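> Take a look at the following structure, please.
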Amino acid sequence: MILKKTLSMTLKLTAVVGALFGCAQAPSAIGSESDQPITVSDLYQDLGGKSGVARLVDKLIENYRADARINVLFNETNFEYFSARLNEYICVRAGGGCEYKGLDMIATHSGMDIKEREFNYFVEDSQKAMSEVGIAVGVQNRLLKLLAQDQPDVVHQ
Amino acid sequence: MKDFTKMCLWVSAFALAHPALGADGKLLGTGGLVSIEGNAGGGITPWAVLAGYGENDQWSASAAVTQVQTQDFRLRSASVALGIYNRVELSFARQRFDIPNDTLGQEIFGAKVRVAGDLIYGSLPQVSLGTQFKRSTDANTLAALGIADTRDVDLYASVSRLFLQGPFDRSTLVNATVRSTKAQQTGLLGFSAKRKLVFEGSAALLLSRSLALGLEYKSKPDQLPGLREDAWRDVFLSWFPNKNLTLALAYVDLGAVAGKKNQSGYFFTLQGQF
C-alpha cells in the first residue's frame, strides 16, 4: 500500500520535474524575410487583429510613459517609430503574419541595462493595458508567454 | 486569540493603506507565502522562490502569523523572513503546538539560496537549496513522552516554475522539493535517529491576477514508534490584493497526529511583505 503510494507519488513528481525542465521553447524567427502566408493565428484574432493590436499598443505606451518606475527609459524614444515597431513585433509574436522591421531584441535594448524588476514592471503595465482594452486574462497569458521568451535578450543589454 | 485578531487587523490595515511600500520587483503573487516553517513556499511546503517581492537589487522583509486548527490540535506559528537580492533568504519561525492537556513548540532558523534558473524566464526553472535548524522549546515535555532528540537539521532542494500560460490559459505555479530529515511531525515531536528523504509538492493556479487556488502534498518520514504519522495535504485559496498583503485559507488533512487519527481542519495565514 505504502509502496504503491510512494510509487505513484514518485511518478507524479517525475512528471512535474519533467514539465519544469521541458519548458524551454525555441523562439520563433523574428524579422525573417517573408512571403508568409496570410493565415492568421487564433491568438492574433483574439487580440482583435490589426486594429485591436493598434489599440493595445497605444494603451501600452500610455501606461509605460505614465509609470515613474520605468519612463526614464524612454527619455530618448521616438514614439512614432516605437509604436510602429511594437505593432509589428506583437503581430509577429502573436502569429499575425506581419514583418518586423526593427532591430533584434538584443540590439534594441543595447545600452539600456534594463533590470529584472524593470522588465517585470513592463509586464505589469502590459497586463494593466490589456485589461483596460478588454482583453481576457486567458488571452493575455497566451501573449505574455510568447513575449516573456524574450526576457533574457532584453535585460542587462 | 484576541491578540492574534488584533494583530491581523493591524497588519491588514497597514498593508492596504500603503499599496506600494517596499520591495516590488517581482510579479504579484510570485513571492509566495511565508510557510508555517518560515521559509517561502505554500502554507506547508517550501518553494524555490525567496520570500518577499524583492528582485536581485532589492531587500525585502516578510512577516506572517498562521493558525492551523484540527479536531484535537492547534498549531500556531509566527514567522519572519528576509529576502536578500533574490538570492538568499533568512528566516525564523516560532511554533506553538497545543495538544490535549499540554503544549509543545519549536523554533526554526532557516536559510535558502537560489542556485540556478528563474521562476518565469529563461530555459531553467528556479532551483534553490535550503537548510533549517529546528529546536524544540519543550524538551522536558518531549522527554516525558520518551523522545530524546530535540534538535536537528533539515536539508532540502526545491525547484519551482511559473507557467504564464498554464491549464485553462491561467498562470500556474509548480513546485517540487526533496528533503532530508529526521523530524517527527516536522520536529514538533522531536527527531529520530535515522535520516530519510521525503518529497513535497505543490501546484497553484492563478484564477485572477490576485487570487490563487492550490494544492499541497508533504510526505513525512513516519519513524516514531507507536505514533504513526501521515502525509500532510491541503487545498488552499490565496489572495494577494497588493505586494504588501497576502492572506491564505486552506482545508488541511494532517492524517494521524500523535496517536489521534484523521486530523483535518482549517489553516489560515496572514502576512505582510515590504
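> Given (1) of a type in the set (Asp, Glu); (2) within 14 Å of another protein chain (Cβ to nearest Cβ); (3) exposed (fewer than 14 other Cβ atoms within 10 Å of the Cβ); (4) within 17 Å of the chain's Cα centre (by Cα), identify the lone condition not met by A:Asp113.
Exception for A:Asp113: condition (4).
> Inside region B:120-151, can you point out the residues that are more than 14 Å from chain A (Cβ to nearest Cβ) and within 30 Å of B:Glu55 (Cα to Cα)?
Hits for region B:120-151 are B:Leu129, B:Gly130, B:Thr131, B:Gln132, B:Phe133, B:Lys134.
> Identify, from the list B:Asp169, B:Asp102, the residue that is open to solvent by 40 Å² or more (accessible area, probe 1.4 Å) and modelled with pLDDT under 95.
B:Asp102
> Considering region A:62-86 alone, what residues qualify as being over 20 Å from A:Cys98 (Cβ atoms) and outside any loop (DSSP other than H, G, I, E, B)?
A:Glu62, A:Asn63, A:Tyr64, A:Arg65, A:Ala66, A:Asn71, A:Val72, A:Leu73, A:Phe74
> Cβ-Cβ below 6 Å, separation at least six or inter-chain, first residue in region A:127-152 and more than 9 Å from chain B (Cβ to nearest Cβ), second of a type in the set (Asp, Glu): which pairs?
If the second residue must be of a type in the set (Asp, Glu), no pairs are left.
> What's the total number of residues in region A:73-122 that are under 17 Å from A:Glu62 (Cβ atoms) and among the aromatic types (Phe, Trp, Tyr)?
6
> Right, something else. Specify which of the listed residues (B:Ala143, B:Ala111) is surrounded by fewer than 23 Cβ atoms within 10 Å (Cβ to Cβ), closer than 17 Å to B:Val34 by Cβ and of a type outside the set (Val, Ile, Thr).
Answer to the check: B:Ala111.
> Consider A:Ile70 against the criteria (1) more than 22 Å from A:Lys50 (Cβ to Cβ); (2) exposed (fewer than 13 other Cβ atoms within 10 Å of the Cβ): it satisfies all of them except one. Which criterion is unmet?
Going through (1) more than 22 Å from A:Lys50 (Cβ to Cβ); (2) exposed (fewer than 13 other Cβ atoms within 10 Å of the Cβ) one by one, A:Ile70 breaks only (2).
> Against the definition (touching a strand residue (DSSP E or B) at 6+ places or on another chain (Cβ under 8 Å), within 12 Å of another protein chain (Cβ to nearest Cβ) and part of a strand (DSSP E or B)), how does B:Phe199 come out, yes or no?
Numbers: touching a strand residue (DSSP E or B) at 6+ places or on another chain (Cβ under 8 Å): yes; within 12 Å of another protein chain (Cβ to nearest Cβ): yes; part of a strand (DSSP E or B): yes.
Criteria met by B:Phe199.
> Further question: Could you give every pair whose Cβ atoms fall below 9 Å, whose first residue belongs to region B:139-153 and is over 15 Å from B:Gly226 (Cβ atoms), and whose second residue is of a type in the set (Asp, Glu) and open to solvent by 90 Å² or more (accessible area, probe 1.4 Å), counting only separations of at least 6 or pairs across chains?
Nothing qualifies.
> Right, something else. Quick one: in region B:31-66, of everything that is surrounded by fewer than 24 Cβ atoms within 10 Å (Cβ to Cβ) and within 14 Å of the chain's Cα centre (by Cα), which residue is nearest to A:Asn120 (Cα to Cα)?
B:Ala63
> What about B:Leu237, is it surrounded by fewer than 18 Cβ atoms within 10 Å (Cβ to Cβ) and within 14 Å of chain A (Cβ to nearest Cβ)?
no
The values are calculated or read from the model by the stated rules, or taken from the named source; none is laboratory data. None of these values were measured; they are calculated from a predicted model. Heads up, the Cβs are rebuilt from the backbone with ideal geometry, glycines too, and the neighbour counts pull from every protein chain shown. With ligands, DNA and RNA removed, areas are computed over all heavy atoms of the protein, side chains included. Shrake-Rupley method; radii C 1.70, N 1.55, O 1.52, S 1.80 Å.
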